[in-house]
Amino acid sequence: MSECGRHFERISEYLDGELDQETLVEIERHLSECPRCGNCLESLKRTIALCRRLEDEEIPLDVQRRIKEKVLECLAEESH
Amino acid sequence: MPKSAYPVDKPFDAIDHALIESFKAGSSEAIEKLVERYESRLFRFGLRMCGHQQDAEDIAQETFLSAFRHLDRFRQETPLKNWLFKIAARACFRRRRKKKGEPEREISIESLKENNGDYVIPDFSETPDESVIRNELKAVIDGAVRELPSKYRMVFNLRDIEGFSTEETAGIVGISEQLVKTRLHRARLFLRNKISAAYKEGDRKR
Ligand SMILES: [Zn+2]
């Protein structure tokens, strides 16, 4: 596997802080020298940040109410 | 020797613990409180997995019902939240299998390498106004997430959206940690490629 290919496979683990020390040093050296892998890292970081930011919507109140009512209703029936 | 019940970074949730104890003592108020604590998260998870509001509502309800039916035997060795997501994840997969029988697509690493490394993802980290991003990219991102094969979408949602660790995600889905890492990386690359392509396309039209 090419050097880029080998590092490409592990960029997510790098982002998540899951690499062992040796691999970490190696990938950081490569990232500082290789613009293409550097771009890949940055674009992944932004992708994750974007997806996370768009995920905080509250759920509709009527849905909240329905879920609770249904659960209580079913459990009450079962206990009879 | 039993494994430690809670990983160090996951403090024991005292509120859940108290609510579970009062549920066991017969409190129906504890049921309401537990539903209120987790219904939004489970509903949104179901919605991201299935794409339909009705399915998401059903998944949240099924999850709670199944949980409450077994809660008296729940030994609290894993956090309640993880246990609920495990039930919900199974409900999502079951629903999917019922809908279509075809085997699931794999995303090959080769298919993600096209384009010679030229990706454009806008940087919104300095944009405090949420609505700007929402208008520009919400539909694109939702569409890209929907296109992910569901086992990839599952891992992406649990890791990147819900914030579970690799180890926790492996426990919830019932796969190895290595498989969690592989699927997560491919899912992220897949989304990156889709968002980048849509963004470039939009740029050309502007
Ligand atoms: Zn490289």
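Points worth noting:
- Selection from region B:76-89 of residues that are open to solvent by 10 Å² or more (accessible area, probe 1.4 Å) and of a type outside the set (Lys, Arg): B:76, B:77, B:78, B:79, B:80, B:82, B:83, B:87
- Residue within region B:90-101 that is open to solvent by less than 20 Å² (accessible area, probe 1.4 Å), at pLDDT 85 or above and under 25 Å from residue B:169 (Cα atoms) present: yes
- When B:135, B:157 are screened for being farther than 13 Å from residue A:50 by Cα and either assigned by TED's automatic domain parsing to the domain that holds residue B:86 or assigned to a helix (DSSP H, G or I) (or both), only B:157 passes.
- Whenever a residue of region A:20-39 is of a type in the set (A, V, I, L, M), its partners that are not in a helix (DSSP H, G or I), lying with C-beta atoms within less than 8 angstrom and at least six residues away or across chains, give the pairs A:27/A:10; A:27/A:19.
- Unique residue being at the interface with another protein chain (Cβ under 10 Å from one of its Cβ atoms), over 17 Å from residue A:59 (Cα atoms), crowded, with 17+ Cβ neighbours inside 10 Å and not hydroxyl-bearing (Ser, Thr, Tyr) when the list is B:68, B:64: B:68
- Residue within region A:39-51 that is more than 8 Å from every other protein chain (Cβ to nearest Cβ) and touching a Phe, Trp or Tyr at 6+ places or on another chain (Cβ under 8 Å) present: yes
- Residue in region A:30-38 that is within 8 Å of another protein chain (Cβ to nearest Cβ) and surrounded by fewer than 18 Cβ atoms within 10 Å (Cβ to Cβ) present: yes
- The single residue among B:62, B:77 that is more than 19 Å from residue B:30 (Cβ to Cβ) and either part of a loop (DSSP other than H, G, I, E, B) or not assigned by TED's automatic domain parsing to the domain that holds residue B:40 (or both) turns out to be B:77.
- Selection count where residues are crowded, with 16+ Cβ neighbours inside 10 Å and either within 13 Å of the ligand (Cβ to nearest atom) or more than 21 Å from the chain's Cα centre (by Cα) (or both), scope region A:40-73: 10
- Which numbered condition residue B:32 fails, given (1) free of Cβ contacts under 8 Å to residues at least 24 places away in the same chain; (2) open to solvent by less than 30 Å² (accessible area, probe 1.4 Å); (3) facing chain A (nearest Cβ under 10 Å); (4) of a type outside the set (Lys, Arg): (2)
- Residue within region A:3-13 that is small (Gly, Ala, Ser), more than 10 Å from chain B (Cβ to nearest Cβ) and closer than 22 Å to residue B:167 by Cβ present: no
- Residue, most open to solvent (accessible area, probe 1.4 Å), within region A:2-22, restricted to residues that are more than 12 Å from the ligand (Cβ to nearest atom) and among the hydroxyl-bearing types (Ser, Thr, Tyr): A:14
- Of the listed requirements (1) within 16 Å of the ligand (Cβ to nearest atom); (2) closer than 30 Å to residue B:139 by Cβ; (3) surrounded by 18 or more Cβ atoms within 10 Å (Cβ to Cβ); (4) not acidic (Asp, Glu), residue A:27 misses just one: (2).
- Taking the numbered list (1) of a type in the set (D, E, K, R); (2) open to solvent by 70 Å² or more (accessible area, probe 1.4 Å); (3) modelled with pLDDT under 90 in turn, residue B:37 passes all entries but (3).
The values are calculated or read from the model by the stated rules, or taken from the named source; none is laboratory data. Because the structure is a prediction, the values reported are computed rather than measured. Counting neighbours? That spans all protein chains shown, and the Cβs are built from the backbone with ideal geometry, glycine included. Heads up: the accessible areas ignore ligands, DNA and RNA and are worked out on the full protein's heavy atoms, side chains in. Shrake-Rupley method; radii C 1.70, N 1.55, O 1.52, S 1.80 Å.
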